[in-house]
Amino acid sequence: MARRDTGTDDPRVRVRAGKGSRPRTKDRPDWSSKPLGRVIGIDRGRYHVSVEADSTRVVAVRARELGRGSVIMGDRVRLTGDLSGRPDTLARIVAVEERSSVLRRSLEDAPDQRGEKAIVANADTMCIVVALADPPPRTGMIDRCLVAAFEAGLDPVLVLTKADLASPDELLAAYEDFNLRVVLTSAEVGEADPGVAELRALLASHWSVLVGHSGVGKSTLINLLVPGAGRATGHVNEVTGRGRHTSTSSEAFELAEGGWIVDTPGVRSFGLGHVSVADVLGVFPEVADAASWCLPMCSHNEEEPSCALDSYARATGPFAIDEAGDEDADQVRRERASRLASVRRLLEAVAMAEATSKAAR
């Protein structure tokens, strides 16, 4: 091959090799026939995957072309490499299947207050874990989790722990319009607690995720639902009233009755910057229809003079009912007013999240 003319005879001059004439192919490998697996744990760049064909547990790395953050807990993925599951072997995740749902929260507690964090993919149930005491329940957190569950298309279940320490009546009254499934549990009773058995049956054959503040008893619940899980449990700080983080990473545990349950690290807040007003109204179709009578950009607050939702609650104007009919008009007004109060509480949670995000930018 003739030496390339560099314009000088100095042998010390190094010239970068010329660009080859062979074009880069646009064809990419077809991974659709590769074995499927489900991500059940993520730890420092290593993905723990359960192979769907035979339930073999393998450790895998992510293919470089997928990009950072492209694989999350619960993803259904295509695998190549060593799928034997033997120690010191690695598989490779080469493709991520389309997700049926993604539960996420906005990073309001991040240093730059921006972005979103995907928590789990392809789940169908969210267990909102709340302690009735020690630490006391916070309705703001429940409201935000409900909005996030509805936005992601998950069925919410309100799991109340430490039922031996306080009555749930007042808390349940605040959510009677949401038609929530509620389960009461007590760690003092342990595995014999009927609430634990009820929850185990409720979660069978589902992919569920546990969400809640630190110290409310998520890890304790996991240990009761999945004997041998060995999740570390902590205690609540007597001064701050807050729990200490005991779970530092998400991990999925298989239930004996079928299905999986994902334990997530406790969170201080649940950002809703990714949720719109339409997502909240969609939870209550009747209220959403009434909101279509509002002017554009209506906030739906009580102080909004042109908001049609107040007429809906009073059963006046286009929302009037037949006072002489079989329907109890007063009862209808009470139900509508209660439903509207619930909607506005969720909208307030979204508005507060948006205000927090804007103030930090």
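The values are calculated or read from the model by the stated rules, or taken from the named source; none is laboratory data. Worth saying up front: this structure is predicted, and the values here are computed from it rather than measured. In this analysis, Cβ positions are derived from the backbone assuming ideal geometry, glycine residues included, and neighbour counts consider all displayed protein chains. In case anyone asks, the SASA skips ligands and DNA or RNA and just uses the protein heavy atoms, side chains included. Shrake-Rupley method; radii C 1.70, N 1.55, O 1.52, S 1.80 Å.
Numbers at a glance
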read-out	value
Heavy-atom accessible surface of the range 36-96: percent carbon and sulfur, 1.4 Å	45
Added length on full extension, which subtracts the Cα-Cα distance from 0.36 nm per residue, R86 to L180	29.5 nm
Solvent-accessible area per residue for the range 59-185 (1.4 angstrom probe, square angstrom)	46
Positive-pole candidate from S70, L83, S55, dipole of the range 36-96, charges at beta carbon	S70
